[in-house]
Amino acid sequence: MYVVSRMRVLDTERRDCCGTAPATWEDPAFPGHDDWSALGAEGCGATAVHVDATPVRFGTPVPGSLLATLTWRNGRGRTRGLKYVVDGRLERSISLQGFYRLTPESAGELAGLAGPQGESGGTVTTPA
């Protein structure tokens, strides 16, 4: 498992920084946001999103010792950890599928891997 970025959603409104709305399905949905344009895919019911985030990187693995300690809280308030972690290795990704909020402790651990607080990617635009 890899940490690719640390992201905080700022708002969900389309703004001038999002670029021109697409005229056809072939046009990019949010040309002003490059790496993060998929967050406002609209076709899946999402809206335009402005985020504060570190740059997207694919070279930061989560240490095996941390995998076993990560915890999430679901919509019902239940806390759970990752299943299928054996000897510091995630054997099945099924327990990562879905929408869950990391507990503050786990979020802090992963944020430390993603990069320093306040580091923002060049393509991410915050609202005025």
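Would you check which residues across the stretch 88-113 are part of a helix (DSSP H, G or I) and small (Gly, Ala, Ser) and list them?
95, 106, 107, 108, 111, 112
What do you reckon, is residue 116 in contact with a strand residue (DSSP E or B) (Cβ under 7 Å, 6 or more places away or on another chain), at pLDDT below 90, assigned to a loop (DSSP other than H, G, I, E, B) and exposed (fewer than 12 other Cβ atoms within 10 Å of the Cβ)? Against the criterion (in contact with a strand residue (DSSP E or B) (Cβ under 7 Å, 6 or more places away or on another chain), at pLDDT below 90, assigned to a loop (DSSP other than H, G, I, E, B) and exposed (fewer than 12 other Cβ atoms within 10 Å of the Cβ)), residue 116 does not qualify. Summed over the stretch 63-75, residues that are closer than 15 Å to residue 88 by Cα and buried (at least 17 other Cβ atoms within 10 Å of the Cβ) total 3. Out of all the residues in the stretch 79-101, which are open to solvent by less than 100 Å² (accessible area, probe 1.4 Å), modelled with pLDDT under 90 and of a type in the set (Phe, Trp, Tyr)? Of everything in the stretch 79-101, just one residue is open to solvent by less than 100 Å² (accessible area, probe 1.4 Å), modelled with pLDDT under 90 and of a type in the set (Phe, Trp, Tyr), namely 100.
The values are calculated or read from the model by the stated rules, or taken from the named source; none is laboratory data. Predicted model only: the values in this text are computed from it and were never measured. So basically every Cβ, Gly included, is an ideal-geometry build from the backbone, and we count neighbours across all protein chains shown. SASA here: full protein model, heavy atoms, side chains in, ligands and nucleic acids out. Shrake-Rupley method; radii C 1.70, N 1.55, O 1.52, S 1.80 Å.
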